[in-house]
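Here the structure is laid out as structure tokens; the discussion comes afterwards.
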Amino acid sequence: MSFQLTEEQKMVRLMARDFAGKELEPMAAQRDKEEIFPMDVVKKMGELGLLGMMVPDEYGGAGAGAVSYCLALQEIAYACASTAVTMSVANLSTEPLLRFGDETQKTRYLLKLAQGELLGCFALTEPGAGSDPGSLSMSAEDKRDHYLINGTKVFITHGQYADVVNLIARTGPEKGSRGLSTFIVEKGTPGFSVGSREDKLGLRASNTVELLFSDCKVPKENLVGKPGAGFKIAMIALDSGRIGIASQALGITRACLDESIRYAKGRKQFGKAISSFEAIQWMIADMATGIEAANWLILSAAWRKDQGLPFTKEASMAKLFTSELANKSAYLALQIHGGYGYLKDFKVERLYRDARATTIYEGTSEIQRLVIARNLLKEHA
Ligand code: CAA
């Protein structure tokens, strides 16, 4: 067993760290404060191949694989968790086309998504269908030469800026998850518009909107995969998405630890640096131990994906553990900073708010436990 990253993986991590340090970190607090979605930076990320990292080079991607993707995403999240979710969802949006798209769709969309010429988003959630997307109600009626789409999607990451939407809608009379299909919908298609923008607790430099579809005609050739396969396509895409969110949570946790150490060494109380107190040391030790464990959980899931092995359970374990860790670590980091951590002048205040979403989106912690348990029970059948 090798615990070594390849030279290429190390280079990708370094490139992302350098990019994040120059392009994200300096403006991250201001973008958060003013809710600025950094389209210019996202464009540069596309040019660097950061938005199509798992797409092979024959389809315009970086062909870097899941391990490199996770390493890069961590570095982006360390500097700016908002931009990390943008990166995660952009990469997730390439999965349905890569795995199920036909050659025309790959040439028309995947190539451009992978090269950052187009930005993709993923529209599954509806007002009445969050943890249970199998119950979604958006309709896509088969009208011979097109599908007619009606309904509303909510909580769509960078939906306002996306050029194409991976849309999951109901095509069949079959109940639940078996009657869903996946489509690619282009921005500007008549009947498709962006609804209200959400005012969020954290990740304020990421964009979250409603997408509205009213008698929207989508050409037949924009169906991705077979009719009725939409739920499985979404679940397969989410498996990859979840290692992305785990990596985002790990980046946040690492930032919590580094901010805590820096502050604890500089802050003096009772005549000495608070880092000399055991209570503070234990908090730091807990964060660092969690980071080590999370790192291996994420690498294990990503490695399995790169090997073509099943990784649904491992992705959920990585997401569950690391997102919970990010929240605990943000709590501890703020505690170490005391009153100062409660102020917007300190990075931990932002980390505390940003961490919160990670146990919720792309499947809550409760859904991750359900996925893990179901897979385990299947393995022991
Ligand atoms: N890979 C392939 N197939 C899968 C699969 C996977 N990971 N998971 C399920 N399936 C298949 C099943 O094998 C089953 O197939 P058959 O019909 O042939 O038997 C079918 O899909 C239905 O599966 P289930 O019976 O398990 O479905 P369910 O309705 O019980 O739901 C669930 C399972 C795990 C709870 C799922 O609904 C789920 O993951 N919910 C959470 C949704 C979620 O994560 N939403 C995130 C929104 S996107 C987002 O947040 C992005 C963002 O902007 C940040």
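The values are calculated or read from the model by the stated rules, or taken from the named source; none is laboratory data. Note that the coordinates shown come from a computational prediction; the quantities given were computed from them, not determined experimentally. For the accessible areas, the whole protein counts, side chains as well, though only heavy atoms, and no ligand, DNA or RNA atoms are used. Shrake-Rupley method; radii C 1.70, N 1.55, O 1.52, S 1.80 Å.
Using a probe of 1.4 angstrom and keeping all protein chains present, the accessible surface of the chain works out to 45 square angstrom per residue.
Centre-to-centre, using Cα atoms only, segment 144-182 and segment 22-43 are separated by 30 Å. Under the shape rule built on the C-alpha gyration tensor, where the axes satisfy a ≥ b ≥ c, segment 264-381 is prolate, since a/c reaches at least 1.5 and a/b is greater than b/c. Within the same chain, aspartates and glutamates fewer than 8 places from Lys217 are excluded, and of the rest, those with a Cα less than 14 Å from its Cα are Glu141, Asp142, Asp145, Glu186. Residue pairs exceeding 18 angstrom between C-alpha atoms, taken from Lys43/Lys112; Lys22/Lys44; Lys112/Lys187; Lys200/Lys232: Lys200/Lys232.
The orientation-averaged shadow of the Cα convex hull for segment 120-231, equal to a quarter of the hull surface, comes to 6.6 nm². Rg over Rh for the chain works out to 0.99, both radii taken from alpha-carbon positions and Rh defined as the Kirkwood radius. Against the chain, whose longest principal axis is taken from its Cα atoms, helix 230-266 shows a tilt of about 20°. Surface composition of the chain: carbon plus sulfur atoms contribute 55% of the solvent-accessible area (1.4 Å probe, protein chains only, all chains present).
Kirkwood hydrodynamic radius for segment 194-301: how many Å is it when counted over pairs of different Cα atoms?
One decimal place: 18.5 Å for the Kirkwood radius.
Note on Arg99 and Phe3: the extension gain reaches 31.7 nm, defined as 0.36 nm multiplied by sequence separation minus the Cα-Cα distance.
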